[in-house]
Every structure is written in structure tokens, then in C-alpha cells.
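Written below as C-alpha cells is the structure these notes are about.
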Amino acid sequence: ADGRVDVTQAGVLEDVTLVSAELRGKGSAQPSRTAIGLLVRGLARRFRTSGRPFTVLSCDNVMHNGQMVKKVIASFASQVEGGDTFLRWLDSAVRYPSSMVDRITPAVTAADQAVALGLLGLVDEALVVAETFLQWVVEDDFGDSRPAWERAGVTMTADVRPFEKAKLRVLNATHSLLAYLGQLCGYATIADTVADDVLRGRALRMLNDDILPTLDNLPGLDLLEYRDSVLARFANPALAHTTLQIAMDGSQKMPNRILVTALERLSAGSVPQELAFAVAAWITFIASTLSEGGPQLDDPMAAELGAAVRSADALDIEPDAVVERAFALRGIFPAELASSHEFRDAVIAQFSEVRRVTASLR
Ligand code: CS2
């Protein structure tokens, strides 16, 4: 979470030993145990054998992924004995461009596998089902030469952050809102949910009122066209993208997608009612997972979230206390947002609106 490698994780210290051996020219056939260990081991060999520039291009769906992987690599390498000159090389001769990828890829189902078997005549264990839309944005910051990815439609840029911000806030935030509303209304897929005019209307309200005002048009990216293209992609009936899949990991998704924008709107002097509605929908979804026969709360912080909400009917009994406990979860709600009484009151007020919108549609 903070870019430092976790040396308590199994295999990390073993991999540190393998990297040390590599730096001394005592490479071994023993496989690395962790992805970061394998990456740094390869870098160590590059450093020892030629020292030629190298580029680590992270493709993770993480904000500022290039800066993050640079921090983790340096943190890992700092565990290696006698690694000072290696550390300096990692900082001077290696580049870590960030990238953003946008493509909707629903979890593969048995039905997908059956279609692939019919088409391919074999079982593809690495099958990925995707929409036709694909967007890659890559920072043009390479230590050496690079493929001419522009020819394959990749947008090469000096700074990926504006593209990342637009995608996280227009696509991912709306995805999360629709997932929670869809789950509360019994819609299995995003396509079913966005086909519902009332729910689509709520997504548009959040986009228009609280998200688009925080973004700038980018060269070649008109925000209103982008908004409409995202909703059209969501409506694709061929993509059985389930609301339950997108509803998972809310503790990891809401901060980057919704909460950071809410804080920005408050700092600009506006109380983001539609983002508060999205947070209320998320908390209402969590409450629904506590009911008999409710959906499973698939989240690394499920225990903390369950303890904060406490029961399926808690929002009827003590909505203020539920919000108080949820906002105290520092791994999710930044202190500055949690301390905003205006935002807290807005979320509490929106619970009844979530109930009204979803009850009428059940
Ligand atoms: C989705 C993303 O699962 C989710 O939360 O919002 O996986 C989304 O489909 C991709 O970011 C689209 O590029």
C-alpha cells in the first residue's frame, strides 16, 4: 500500500538471497518465489552483465503504476547486502513509465469456455472474454528503444495521469454505483442495470453533477462523448459483466473512484450529494450482505465493514452510528473526508433516497 516490500511475506527473504547471489555472479537454477523477486533478479543480471538501460513497464490497474513499481523495486533492492551501486543503477539507468489500460473483461464463465472450445477445438485455460473497445495509454519514457506501439493504436504520452483520472472517475466510479444499485435491485449484470432508466439516470446525475466538473477535456477526449461512450459500453448485452463481480473489493475501489473526488468537491466548496448517494448505496449493499441469504461480501476488509454496519437492519435503526463506524475505517475513508460533517450528513440523508430508488424497482 505504501510502496515498501513486505519482508514478512513468504518467499521475499529467500528471493533477496537469490538476488544477492545474482549480483555476485553466483546465479542459481532455484526459481524465484515472488513476482517482485523475479523482476529484481532479472534487473540484477542486467546490471551485472551489461548495465545497459532497461525499462520496467507496469500494466497494473493501479494509479501511477510506474512510480509504484519503482518504489517497490527500490525497497526490495535495499534489502540486498552490498546493493548500493545496484540501487544507484536502478535509479539512473532504469525507467518506470506509467500506463493505463481500459478494457472491460468480465470473469470467464463455463459458458464462455464452451464457446471457446467450439471455436478453437481445445480448452483455453487462459481464456479472456473482452469487449471490442481497448485503450492503452503509455508514458513515453523508455531507457532504450521501444516498439512502435502507436502503430497498434496505443496513445503514447508524456503524462498518463489525466487519462487515468478520467477513466477512474467516469468509467470505474459509475461502474461501482451501478453495481451496488444493480445488486440492491436484483439485476445480475451491468447491462441489465443500465437498461433501467431510473438507475441510468442516477449514474448520469453523479457524472454530470459531481464527476465531470472535476475533469478537463484532454486532446482527443471530449468528456461528454466519453461519458456517453462508457454508458454505451456498459449497455453491451453480450458482456455478462456481473454486478456482483464489480461490487467486490469496494474497500479497495471506493477510495480511488469515489472518495478522492468527494474530497475534491468539498475542497472546492460543493457538497457532492451524488457521490454521497454512491457511498450510501455501497453501505446499503454491505448491509444487504448481512441478511439471511444475502450476497457474499467479497472484500479484503469484509470483517471490518461487517463490524461497522453490524446488521442488515442497522440503517433503519442507527444510520448515524453506522456512518460513524464506517468513516472511522482509515484504510478506506481519508481523515479529511471522514471529518467533514457536511459529507457525513449527506451520506446519512441519502440512505432514504437509496431505499426509495431501489425499493420501487424490486
Ligand atoms: C471494473 C473494472 O471490476 C471492476 O471494478 O470497474 O474491472 C473495469 O471493468 C475496468 O477497469 C475497465 O477498464
Given a Förster distance of 51 Å, the FRET efficiency implied by the Cβ-Cβ spacing of residue 161 and residue 292, rounded to the nearest 0.05, works out to 0.70
Kindly provide the helix-only [θ] at 222 nm of the chain, computed as the sum of -39,500 (n - 2.57) over DSSP H runs of four or more divided by all residues, to the nearest 500 deg cm²/dmol?
-> -14500 deg cm²/dmol
How high is the relative contact order of the chain, in percent, with contacts defined as C-alpha pairs under 8 Å that are six or more residues apart?
-> 12
Leaving out ligands, DNA and RNA, what percent of the accessible area of the chain is carbon and sulfur, probe 1.4 Å?
-> 54
Tell me, in nm to one decimal, what length is gained between residue 336 and residue 103 on full extension, where the rule is 0.36 nm per residue of separation less the Cα-Cα distance?
-> 80.6 nm
Can you work out ³J(HN,Hα) from phi for every residue in the range 160-175, in order, using Karplus 6.51 cos²θ - 1.76 cosθ + 1.60 and θ = phi - 60°, giving whole Hz and x for Gly and Pro?
-> 7, 4, x, 5, 4, 4, 4, 5, 4, 8, 7, 7, 5, 5, 5, 4
Log entry: pair-distance distribution for the range 53-207, C-alpha pairs binned every 10 Å from zero, whole % per bin is 9, 25, 26, 25, 11, 3, 0
Once you put a point 7 Å from the Cα of residue 50 and another 7 Å from the Cα of residue 88, both along the Cβ direction, what distance in nm separates them?
-> 2.2
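Any chance you could list the semi-axes, whole Å, largest first, of the equivalent ellipsoid that the Cα gyration tensor gives for the range 1-137, using √(5λ)? Working shown, then result.
Numbers: eigenvalues 239, 70, 40 Å².
Largest first, the range 1-137 gives 35, 19, 14 Å.
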From the backbone phi of the range 127-133, what are the Karplus-calculated ³J(HN,Hα) couplings (6.51 cos²θ - 1.76 cosθ + 1.60, θ = phi - 60°) in whole Hz, Gly and Pro given as x?
-> 4, 10, 9, 9, 6, 6, 5
Under a plain spin-label model, where a point goes 7 Å from the Cα along Cα-to-Cβ, how far apart in nm are residue 229 and residue 62?
-> 2.8
With Cα coordinates, the longest principal axis of the chain makes an angle with the long axis of helix 35-49, in degrees rounded to 10, of 30
Extension gain, residue 149 back to residue 310 (0.36 nm per residue minus Cα-Cα distance, nm) | 52.9 nm
With each pseudo-label sitting 7 Å past Cα toward Cβ, what's the residue 320-residue 208 distance in nm, one decimal?
-> 3.4
Where only protein heavy atoms count, and the probe is 1.4 Å, what is the accessible area per residue for the range 197-350 in Å²?
-> 43
For the chain, restrict the atom set to alpha-carbon positions and state the Rg and Dmax in Å.
-> 23.0, 69
Potential lengthening between residue 128 and residue 329 on full extension [0.36 nm per residue; Cα-Cα distance subtracted] = 68.9 nm
Enter the Cα centre distance for the pair the range 213-288 and the range 292-321, rounded to the nearest angstrom.
-> 21
With a Förster radius of 56 Å, plug the Cβ-Cβ distance of residue 267 and residue 21 into 1/(1 + (r/R0)^6) and report the FRET value to the nearest 0.05.
-> 0.65
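Using the Kirkwood radius over Cα pairs, work out the Stokes-Einstein diffusion coefficient for the range 187-333 at 10 °C and 1.306 mPa s, in µm²/s as a whole number.
96
The values are calculated or read from the model by the stated rules, or taken from the named source; none is laboratory data. All figures in this text were calculated on a predicted structure; none of them were measured in a lab. Cβ atoms come from the backbone with ideal geometry, glycine included; neighbour counts cover every protein chain shown. Each accessible area value is taken on the protein alone, full model and side chains, heavy atoms only, with ligands, DNA and RNA left out. Shrake-Rupley method; radii C 1.70, N 1.55, O 1.52, S 1.80 Å.
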